Amino acid sequence: MELARSLACLQTTVQQLGGRLTEAETRISNLEDGCCTREKTLGQVGKTVEPLKERVNYLEDAGRRNNVRIVGVKENSEAGDMEKFVRTLLEECLDMEADGGFEIERAHRCGPKPNADAKFSWHILVKFLRFSAREAVLCTAREKGYTEWKGQRIFFSQDLSRDTIQKRKKYDEVKRQLRSMTNVSYAMLYPDTLRITVNNKCHLFTTPAEAKAFISTLRHISHGIDKRIENENGLFNFKKKGVV
């Protein structure tokens, strides 16, 4: 009798375990199906987010299209009146008449005021009322090449979003090689396409690898390193034509 009871108990336990196992398998199956569904949803969300990021980045850059960054001017050089100081820089550094179509909507330092011991100066951000004024300033600075104010080496550059700047940074090594080559000029096209001009013929590259492969075919061109100065922000200006 005891053996029969033990076998009955054992059979009941096995049946219970079988039921639990079936339930566990069902739950696992449901979880796997749910994971597959979520992975598909995440994939679709990723595909949607990426173009939205690009659009937001483009809108941010478009909102900055009338801006010019001035780099290298020591703190407090403006003596409280930034707009007047910017006009002075345009006249004395770029030999431009800062009247007429050069209305300044706003001009200010980027970031909080640094400590007295700080060895750096915040960029000056200038927003012109007209895009044509911004283009005139950048083109003049590019053609002039070397710009200086009261012994300070300064740079005029376009104002771009952080994402666009990071995209362009991947070409830094390529641009360093191009600067050491004569009869070769380059420019960055929006947002991150590199244009290399050789013998009046333009070549466009969307990745640094493509550009490096092309440069390797130009070894027959004589090399000559231009004199250049790099400031603490990694910005360059050159005698030869080239846009950073």
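The single condition among (1) in the same structural domain as Ser77 (by the TED database); (2) closer than 26 Å to Glu103 by Cα that Gly151 does not meet is (2). Taking Arg162 as the residue in question, decide whether it is touching a strand residue (DSSP E or B) at 6+ places or on another chain (Cβ under 6 Å), without any contact (Cβ under 8 Å) to a residue 40 or more places away in the chain and open to solvent by 30 Å² or more (accessible area, probe 1.4 Å). Against the criterion (touching a strand residue (DSSP E or B) at 6+ places or on another chain (Cβ under 6 Å), without any contact (Cβ under 8 Å) to a residue 40 or more places away in the chain and open to solvent by 30 Å² or more (accessible area, probe 1.4 Å)), Arg162 does not qualify. Of the residues Gly34, Gly46, the single one that is over 30 Å from the mean Cα position of the chain (by Cα) and either farther than 18 Å from Lys127 by Cα or outside any helix (DSSP H, G or I) (or both) is Gly34. With respect to the stated conditions, Leu89 is in a helix (DSSP H, G or I), under 30 Å from Ala136 (Cα atoms) and either touching a residue at least 24 places away in the same chain (Cβ under 8 Å) or open to solvent by 40 Å² or more (accessible area, probe 1.4 Å) (or both). Out of everything in the stretch 74-86 that is over 20 Å from Cys139 (Cβ atoms) and at pLDDT 90 or above, what residue ends up being farthest from the chain's Cα centre (by Cα)? Looking at the filtered set, the residue picked out is Lys84. Tyr58 fulfils the conditions (1) modelled with pLDDT of 95 or more; (2) touching a Pro at 6+ places or on another chain (Cβ under 9 Å) except for a single criterion, (1). Summed over the stretch 66-76, residues that are in a loop (DSSP other than H, G, I, E, B) and in contact (Cβ under 8 Å) with a residue 40 or more places away in the chain total 5. Every residue in the stretch 168-201 that is without any contact (Cβ under 8 Å) to a residue 60 or more places away in the chain and open to solvent by 60 Å² or more (accessible area, probe 1.4 Å), please. Lys169, Lys170, Glu173, Arg176, Asn183, Arg195, Asn199, Asn200, Lys201 - these are the residues of the stretch 168-201 that are without any contact (Cβ under 8 Å) to a residue 60 or more places away in the chain and open to solvent by 60 Å² or more (accessible area, probe 1.4 Å).
The values are calculated or read from the model by the stated rules, or taken from the named source; none is laboratory data. Keep in mind that this is a model prediction, so the values were computed, not measured. Heads up, the Cβs are rebuilt from the backbone with ideal geometry, glycines too, and the neighbour counts pull from every protein chain shown. In case anyone asks, the SASA skips ligands and DNA or RNA and just uses the protein heavy atoms, side chains included. Shrake-Rupley method; radii C 1.70, N 1.55, O 1.52, S 1.80 Å.
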